[in-house]
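Below you'll find the structure, written out as structure tokens, and then a few comments.
The values are calculated or read from the model by the stated rules, or taken from the named source; none is laboratory data. Not measured: the values here are computed from a predicted model. When we count neighbours, we look across all protein chains shown, and the Cβ atoms used for this are built from the backbone with ideal geometry, even at glycine.
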Amino acid sequence: MKVCLENWQLCFRPLASVYFSVAFSFSKMRLEELVQVSAAVAGTSGRLDKISKLAALFSRVPPEDLPIAIGFLTGWPRQGKLGVGWATVASARDRQPAGVATLELGEVDSTFDRLQLVGGKNSGSERARLVGELFERATAEEQAFLSGLLVGEVRQGALEGVMLEAVAKAAGIPASVPGGAANSLLMASVAETICAAT
């Protein structure tokens, strides 16, 4: 599943900023919150319950962090493949987990940016260092989630249609809007942002 973020940059971000900032006051979101919601969604079979849980999360996510959250929840970070395999993840999981959750979504995303840029002769050891440092700051639950995210094993049933409806619900927009250019444009942009590719 691939999250198409180019469309977010061009269209969805400014529109979402308007819709979300009217009703909500944001602070930086911690990874812990997203991990808890991910686990709750995975344990929920009903589509409407999944949408409700995700919408409640999205209503608290700062607009600039929304593409990060969507990427994490769909199991495909905005950077795409990061070149991290199971051996690197397994080694990082040997690190003592943090006792207190402090990681923010933006911090994890920044680490993923650095992972994507790694190359050259010592790339393996550099990726191991970055992942290890990230896991040292993660709680046990966050380590488990990040492990799945890094190797493409996030499984929670939060498919693109569910995600689309959840983002729309958080913004107070019906998933099917009979009219209104701004609403239609926002929904089209959300749909493009959460497009899937195999």
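Does Thr44 satisfy being touching a helix residue (DSSP H, G or I) at 6+ places or on another chain (Cβ under 9 Å) and buried (at least 19 other Cβ atoms within 10 Å of the Cβ)?
Details: touching a helix residue (DSSP H, G or I) at 6+ places or on another chain (Cβ under 9 Å): yes; buried (at least 19 other Cβ atoms within 10 Å of the Cβ): no.
So Thr44 does not fit the description; no.
Could you please let me know if Ala170 is buried (at least 19 other Cβ atoms within 10 Å of the Cβ), in contact with a helix residue (DSSP H, G or I) (Cβ under 6 Å, 6 or more places away or on another chain), assigned by TED's automatic domain parsing to the domain that holds Glu33 and not polar (S, T, N, Q)? Give the steps one after another, and end with the answer.
Working: buried (at least 19 other Cβ atoms within 10 Å of the Cβ): yes; in contact with a helix residue (DSSP H, G or I) (Cβ under 6 Å, 6 or more places away or on another chain): yes; assigned by TED's automatic domain parsing to the domain that holds Glu33: yes; not polar (S, T, N, Q): yes.
Here the answer is yes, as Ala170 does meet what is asked.
Could you check the stretch 29-49 and list, in sequence order, the residues that are within 28 Å of Ser110 (Cα to Cα) and more than 14 Å from the chain's Cα centre (by Cα)? Please lay out each step first, then the result.
Step one: filter the stretch 29-49 for residues within 28 Å of Ser110 (Cα to Cα), giving 29-42.
Listed by number, the residues that qualify are Ala40, Ala42.
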Ala158 vs. criteria at pLDDT 95 or above and either surrounded by 20 or more Cβ atoms within 10 Å (Cβ to Cβ) or closer than 20 Å to Gly43 by Cα (or both): no
Go through the stretch 87-114 and give me each residue that's of a type outside the set (D, E, K, R) and farther than 18 Å from Glu153 by Cα. Gln96, Pro97, Ala98, Gly99, Val100, Ala101, Thr102, Leu103, Leu105, Gly106, Ser110, Thr111
